[in-house]
Amino acid sequence: MEYQSPFENWYAYSTVHKPLPDFTCETGLVLFPPELVPGVGHPLVDKLGNHAVRRLMMRKLESYNAFTEKLEYKAVMAASIKIAEDPQAFGLSEQAGREARLIVTDESHHAYVAVEMIKRIPGFSELPPLSRRSRRF
């Protein structure tokens, strides 16, 4: 089977070559889909008001982005580096090995953006830091 490259236009479309998106959030902007945040919509949380709901959503976004950073570094990039180093060991062509390096570049950028997004959430700096134990996924 002949290898077909999905990276023909990588230099034009890769977000690595573009400035970071504007992460400034206006008040009331939904930070994370509420249906994916445990506790949102629960009567006890609702009693605490919108501030409690927003904090839960900020924490979920923080947790999700921390997971994204680790996933990129420990799984996607690790596998891509192994492919880049020895594509034949995986039955892949030299071109696929070269393109695995582009994947490493993109995924490193995704990890960077995930962390930057967390830092730029309005009000985030007011939250107490999560403990190591709280960050498990």
Q: Rounding to the nearest 20 debye, state how big the charge dipole of segment 39-121 is about its Cα centre with +1 on each Lys and Arg Cβ and -1 on each Asp and Glu Cβ.
A: 640
Q.
Students often forget the sequence filter, so: which aspartates and glutamates lie under 12 Å Cα-Cα from Lys18 once same-chain residues fewer than 8 apart are removed?
A. Asp106
Q. Net charge near Val16, counting Lys/Arg +1 and Asp/Glu -1 over other residues with Cβ under 11 Å of its Cβ?
A. -1
Q) Residues with beta-carbon under 12 Å from that of Gln95, excluding Gln95: net charge, scoring Lys, Arg +1 and Asp, Glu -1? A) -2
Q: Express the relative contact order of segment 39-121 as a whole percentage, based on alpha carbon pairs under 8 Å and six or more residues apart in sequence.
A: 31
Q) Where does the charge balance sit around Glu107 when Lys and Arg score +1, Asp and Glu -1, over other residues with C-beta under 14 Å from its C-beta? A) 0
Q. Which residue, chosen from Asn50, Met117, Ala66, occupies the Cα position most advanced towards the positive end of the dipole of segment 39-121, where the dipole is computed from +1 (Lys, Arg) and -1 (Asp, Glu) charges on Cβ about the Cα centre?
A. Asn50
Q) Using a simple spin-label model with points 7 Å from Cα along the Cα→Cβ vector, what separation in nm is obtained for Leu48 and Gln88? A) 5.8
Q | Along principal axes, Cα extents of segment 39-121, largest first, whole Å | A | 59, 23, 14
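None of the figures in this text is laboratory data; all of them are computed from the coordinates on show. This one's a predicted model, so the numbers in the text were calculated from it and none came from an experiment. Here the Cβ is made from the backbone with ideal geometry for all residues, glycine too, and neighbour counts use every protein chain on show.
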